[in-house]
Amino acid sequence: MTRLVADLGGTNCRLAISTGLGRPLAAMQSYPNAAFDSFPDLLGQYLIDAGQPRFAEIVIAVAGPVTDRATGQSAELTNRGWQLDSQELSQSMGEIPVHLFNDLSALGHSLADLETGDLAIIQPEDSTAPLAQKLVIGIGTGFNVSPVSATPLGVSCLKSEYGHVALPLDLHQALVAQIGEKAHAFKTVECCFSGRGFAALHAAFAPEAKAQSPADIIADSDRAQTRAFLHFYADLLGQLSRNLRKGFLPSGGLYFAGSVARNLLVGGAKSAFLHCYNQPDPLLPDLTPPVYCILDDAAALKGCAKFAFRSPPKKTRASPLRQP
C-alpha cells in the first residue's frame, strides 16, 4: 500500500513516498522548517513539488513528545511549537489512516533494515541473539532514548523522556572535577548531552574561547584545547552509556543517532569513548553490548515505512442472556 512518510526534525523535514516494505523510497525531498508557518503548509508544498502523488496512509516521525488519545494522537515539535493532530490530518487528507510517533521510535523500527553502509561500527558485536533488546540513543538538538524490543510478531519501541532525568552522580562528579562549580548548571542529562549542552559545556571547559556552535567546535578539532574537550566529552558519553546499559540491558546493542553523536563517535574522540565504555563493570561483567552510530539520514523514513498499522479489534455479537 502506498504511504506518505515524513521525518519532522527540529530543523528540517524529510518526506518521501513508500510503495511497500523493503522497497526504495520515492520522491524524497527535504525542507527547512523555518520556511513554513506550520506542518500542513510544509506538507502542501511537498505535494506540489512531488506532483500530487497518491497515497493511502501517512506515518510521521516527530522530534518531540507524542500523546495517545482515544480519538487519535497529538504531537508537538519541540523547537518550533508546531502542533500536529492525527485526526485533523486524516480529515484533511480524505479520512485516510495517520500515525504519529517519536523520531527515535521510527529509528527503532528501521534497525532491522539498516545495511552495513548505513551504520558505523563503534564497538563490534561479539555474539548477539537476533531478538535481543536494543537501545536507540538520540543526541542532536535534544536527548532521548527508545528501548527496542523485537519479537516474531513485530517490533515495539517504548516511549521515554530520558533527557529530563537528573544527571547521574558519577557524571556530575566528573564535571565538578573538570569545571568546578560550573558543573551545577548541568542538572539533567539533556543539559549536557545535546547540541546546546555540548556548546555550553565547551564554554565552561574553555571560558576564554569565543562562543561557538557545535558544528564550529567540531570543525576546530585541530586545536589542542578543542581536542582535549572532545576527548573529555567522549569520556562523559562513555560513562553515560555504561549507566544506560545497566538501566535498559540492551544486549543487542546501543544505536546512536543525531549530529552530536555522529561527529563525536565517528571522529577522533572514538578512542576516548571506548576507553571508558569498556572499563570492567563488577555488577554486570558480561554485559558489554556492541555500539553503532546510524549514518543513514533516511533511517527514520525507513522506520515510518516499516511501521505496521494495528487492525481494529473485531466486533463480536453479544450472546443473549439466558433467563433463569
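Quick test for you: out of GLU76, GLU88, GLU125, pick the one residue that is under 18 Å from the mean Cα position of the chain (by Cα) and either exposed (fewer than 12 other Cβ atoms within 10 Å of the Cβ) or charged (D, E, K, R) (or both). Talk me through it step by step, then tell me what you get.
Numbers: GLU88 fails: under 18 Å from the mean Cα position of the chain (by Cα); GLU125 fails: under 18 Å from the mean Cα position of the chain (by Cα).
Among GLU76, GLU88, GLU125, only GLU76 is under 18 Å from the mean Cα position of the chain (by Cα) and either exposed (fewer than 12 other Cβ atoms within 10 Å of the Cβ) or charged (D, E, K, R) (or both).
In region 5-24, which residue that is hydrophobic (A, V, I, L, M, F, W, C) and more than 20 Å from the chain's Cα centre (by Cα) is modelled with the lowest pLDDT? So that I can check it myself, show each step before the final result.
Looking only at region 5-24, we keep the residues that are hydrophobic (A, V, I, L, M, F, W, C), and these are 5-6, 8, 13, 15-17, 21.
From what's left, more than 20 Å from the chain's Cα centre (by Cα): 17, 21.
Values: ILE17: 96, LEU21: 68.
Ranking the qualifying residues of region 5-24, first place goes to LEU21.
Residues are listed down the side, and each one gets a yes or a no for (1) surrounded by fewer than 24 Cβ atoms within 10 Å (Cβ to Cβ); (2) aliphatic (A, V, I, L, M); (3) in contact with a Leu (Cβ under 6 Å, 6 or more places away or on another chain); (4) assigned by TED's automatic domain parsing to the domain that holds ARG69:
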{"residue": "PRO97", "(1), (2), (3), (4)": "yes, no, no, yes"}
{"residue": "ASP103", "(1), (2), (3), (4)": "no, no, no, yes"}
{"residue": "ASP113", "(1), (2), (3), (4)": "yes, no, no, no"}
{"residue": "VAL155", "(1), (2), (3), (4)": "yes, yes, no, no"}
{"residue": "VAL176", "(1), (2), (3), (4)": "yes, yes, no, no"}
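Looking only at region 52-72, decide whether some residue is of a type in the set (Phe, Trp, Tyr), farther than 23 Å from SER259 by Cβ and outside the structural domain of GLY138 (by TED's automatic domain parsing).
yes
Inside region 151-184, can you point out the residues that are at pLDDT 95 or above and farther than 13 Å from PHE205 by Cα?
If the condition is that a residue be at pLDDT 95 or above and farther than 13 Å from PHE205 by Cα, then VAL165, ALA166, LEU167, PRO168, LEU169, ASP170, LEU171, HIS172, GLN173, HIS184 are the ones that fit.
Can you confirm whether TYR292 is at pLDDT 95 or above, buried (at least 16 other Cβ atoms within 10 Å of the Cβ), of a type in the set (Ser, Thr, Tyr) and more than 16 Å from the chain's Cα centre (by Cα)?
Here the answer is no, as TYR292 does not meet what is asked.
Which pairs have Cβ atoms under 9 Å, sit 6 or more apart or on different chains, and link a residue in region 24-49 that is part of a strand (DSSP E or B) to one that is among the hydroxyl-bearing types (Ser, Thr, Tyr)?
ALA26/SER18; ALA26/THR19; ALA27/TYR46; GLN29/TYR46; TYR31/TYR46; PRO32/THR11
The values are calculated or read from the model by the stated rules, or taken from the named source; none is laboratory data. What you see is a predicted model, and the numbers here were worked out from it, not measured in a lab. No Cβ is skipped: glycine too gets one built from the backbone with ideal geometry, and neighbour counts run over all protein chains shown.
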